[in-house]
1. Look through the range 215-250, keep the residues that are of a type in the set (Gly, Ala, Ser) and farther than 20 Å from Thr204 by Cβ, and return whichever of them is modelled with the lowest pLDDT.
2. So how many residues does the range 43-81 have that are closer than 13 Å to Val9 by Cβ and assigned to a helix (DSSP H, G or I)?
3. So Glu22 ticks every box in (1) among the charged types (D, E, K, R); (2) in contact with a strand residue (DSSP E or B) (Cβ under 8 Å, 6 or more places away or on another chain); (3) outside any strand (DSSP E or B); (4) over 20 Å from Val203 (Cα atoms) but one. Which box is left unticked?
4. Identify the residue in the range 3-26 that is surrounded by fewer than 14 Cβ atoms within 10 Å (Cβ to Cβ) and in contact (Cβ under 8 Å) with a residue 24 or more places away in the chain and, among all such residues, is nearest to Ser50 (Cα to Cα).
5. Tell me yes or no: at least one residue of the range 155-163 is assigned to a loop (DSSP other than H, G, I, E, B), among the β-branched types (Val, Ile, Thr) and surrounded by 17 or more Cβ atoms within 10 Å (Cβ to Cβ).
6. Return the pairs, sorted by first residue and then second, in which the second residue is assigned to a helix (DSSP H, G or I) and of a type outside the set (A, V, I, L, M), the first residue lies in the range 50-67 and is touching a residue at least 12 places away in the same chain (Cβ under 8 Å) and under 20 Å from Arg88 (Cα atoms), the beta carbons are less than 8 Å apart, and the residues are 6+ apart or on different chains.
7. Taking into account only those residues within the range 77-125 that are of a type in the set (A, V, I, L, M) and in contact with a strand residue (DSSP E or B) (Cβ under 7 Å, 6 or more places away or on another chain), which is nearest to His142 (Cα to Cα)?
8. Quick one: which of Leu99, Leu84, Leu111 is in contact with a helix residue (DSSP H, G or I) (Cβ under 8 Å, 6 or more places away or on another chain), over 27 Å from His211 (Cβ atoms) and in a helix (DSSP H, G or I)?
Amino acid sequence: MDEKVVIHVDDLHKVYKMGLNEVHALRGITLTVRKGEIVAIMGPSGSGKSTLMNILGCLDQPTSGKYHLDGQDVSQMSDDELALVRNRGVGFVFQNFNLLPRTSALDNVQLPLIYAGLSIKERRRRSEEMLASVGLRERMNHTPNELSGGQQQRVAIARAIVNQPAIILADEPTGNLDSKSGEEVMSILQSLNHRYGITVVLVTHDPRIAHYAQRAIHLFDGRILKEEVYAQPTQAPPLVIGEWDKEVPA
């Protein structure tokens, strides 16, 4: 497989059994995402967005079809194998941030590294670097309730990238934010994409947010309805962080 392909799914089906009934959540999805792309997944409720993201994030397995993540066939892996791939290969960003409320930003970011078995010194070094890269150098010791919603989402992004994953999966990353904070989050994702070549797949219902991606894949009833390619994706304004007036490193 092309080494520049980080996600490749072929004829993906997912069927859930509900008593005597079968629900076909995905009906033959085939798509490819190349390294360094930002891709938006769109569609109405029930279109299969969440099911597809769960499979891409190795949280679930397809009923049939193939899924290669960074060259590995993960379609038939065991739960333990999927957990290992998740920890090393996928970073997650959620609408509700999913931060530990009584834990500092620094300790929240370190969590994936604890599971990875890194030393205390290396965990701290990496976590400080990632928090600085999202503009939170001065907020590392603050707990989530001492941070704005936009700052909490930046902590979540730092946590998602601290293990240097092949992809970031962002599920409605701006859904709980005002428009300015949403722009800040997209500025960070674009900056990290440009700086580190991180591949980003995001689910959004907002066409404005989708236009920050290079292309959008529209789902309907478990199938790909259409694909839009944005020749000139929206560029988020440079991030200005409170009184420090700093930008995310380019």
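1. So the residue we want is Ala250.
2. Summing the residues that are closer than 13 Å to Val9 by Cβ and assigned to a helix (DSSP H, G or I) in the range 43-81 gives 6.
3. The failed condition is (3).
4. By that ranking, first place goes to Asp11.
5. The answer is yes, given that some residue of the range 155-163 is assigned to a loop (DSSP other than H, G, I, E, B), among the β-branched types (Val, Ile, Thr) and surrounded by 17 or more Cβ atoms within 10 Å (Cβ to Cβ).
6. Here the result reads Gly57/Arg86; Cys58/Arg86; Cys58/Gly89; Leu59/Arg86; Asp60/Thr51; Asp60/Asn54, each pair linking the range 50-67 to a residue that is assigned to a helix (DSSP H, G or I) and of a type outside the set (A, V, I, L, M).
7. Top of the filtered list is Val93.
8. Numbers: Leu99 fails: in a helix (DSSP H, G or I); Leu84 fails: in contact with a helix residue (DSSP H, G or I) (Cβ under 8 Å, 6 or more places away or on another chain).
After applying the criteria, what remains is Leu111.
The values are calculated or read from the model by the stated rules, or taken from the named source; none is laboratory data. A quick note: this is a predicted structure, and the numbers were derived from the prediction, not measured. Please note: Cβ atoms are built from the backbone with ideal geometry, for glycine as well, and neighbour counts cover all protein chains shown.
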